[in-house]
1. By how many nm would the segment from GLU60 to ARG129 lengthen if fully extended, with 0.36 nm per residue of separation less the alpha-carbon distance?
2. Could you check how many percent of all C-alpha pairs in segment 8-84 are farther apart than 15 Å?
3. If R₀ is 30 angstrom, what is the calculated FRET efficiency for the pair ARG73 and LEU191, using the beta carbon separation as r and rounding to 0.05?
4. For every other residue with a beta carbon closer than 11 angstrom to the beta carbon of SER110, add +1 if it is Lys or Arg and -1 if Asp or Glu, then tell me the sum.
5. Find the Cα radius of gyration of segment 103-188, compare it with 2.2 N^0.38 Å by division, and give the number to two decimals.
6. Taking R0 as 22 Å, what FRET efficiency do you get between SER176 and ARG91 from their Cβ-Cβ distance, rounded to the nearest 0.05?
7. Using Cα pairs under 8 angstrom and six or more residues apart, how large is the relative contact order of the chain, in percent?
8. Sorted by average packing, counted as other Cβ atoms within 10 angstrom per residue and highest first, what order do 34-43, 110-119 take?
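Every read-out reported here was derived from the displayed coordinates using simple, explicitly stated rules and does not represent laboratory data. None of these values were measured; they are calculated from a predicted model. Here Cβ is always computed from backbone atoms with ideal geometry, including for glycine, and neighbour counts include all displayed protein chains.
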Amino acid sequence: MFTGIIEAIGTVEGIEIGRLGGAMTISAAFARALVRGESVAVSGVCLTVVKRSAKAFRVEVSPETLRRTTLGRLVRGQTVNLERAARLGDRLGGHLVSGHVDGVGKLAASRREGNARVLEIDVPLSLRRYLIPKGSVALDGISLTVNSVRGKRFSVAIIPHTAEATTIGGKKAGDSFNVEVDLIGKYVEQLVQPYGKTGRGKIRF
């Protein structure tokens, strides 16, 4: 489990990706502290450390992960957002992020608004129902607040610190994001869905 507060920006040092999966090596300031088998969110995707050195770590990527995320598009030298798994007792500065990406979004437009940059993101319509104004969303692993929602498009505001401390500051129109919608919303939907389909029960709030 993660919080969406990016810990470091890493660089892809090596990548071997094919239709059947693959692996990549990523340099990171905290690589020496990692242990084999622990989880690291790489641009919002929960991956397992299989090897590490003093300056870099290696992860493996399954075909399912390649289908659902942008990792298959990475190239050597590209930067990625990194976050180590949260520990019990840590402050929850963002929101609950599982690292299980729901889909890929695309930056449709952006504009300046005061000291912030407002991004408008297009997502698959299947994710629309999980996005609510002032709710939470993770873009490339970054915990952000949803400003507005209209059709398949939603907006977020990026403050200068977030632009500098993550890879989002370099995004331009047409670029893609790993999108993870609110985890709690998905569980609630799963729990109440049988009642809505059969009409056998009533849900009281």
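1. Contour length minus Cα-Cα distance gives 21.7 nm.
2. Cα-Cα pairs of segment 8-84 separated by over 15 Å account for 47 percent.
3. Rounded to the nearest 0.05, the efficiency is 0.30.
4. Taking every other residue near SER110 into account, the sum is +2.
5. 1.00
6. Here the calculated transfer efficiency is 0.15.
7. On the way: 471 pairs, mean separation 46.0, N = 205.
Once divided by the residue count of the chain, the mean separation gives 22 percent.
8. On the way: 34-43: 18.6, 110-119: 13.8.
Averaged packing, sorted descending, gives the order 34-43, 110-119.
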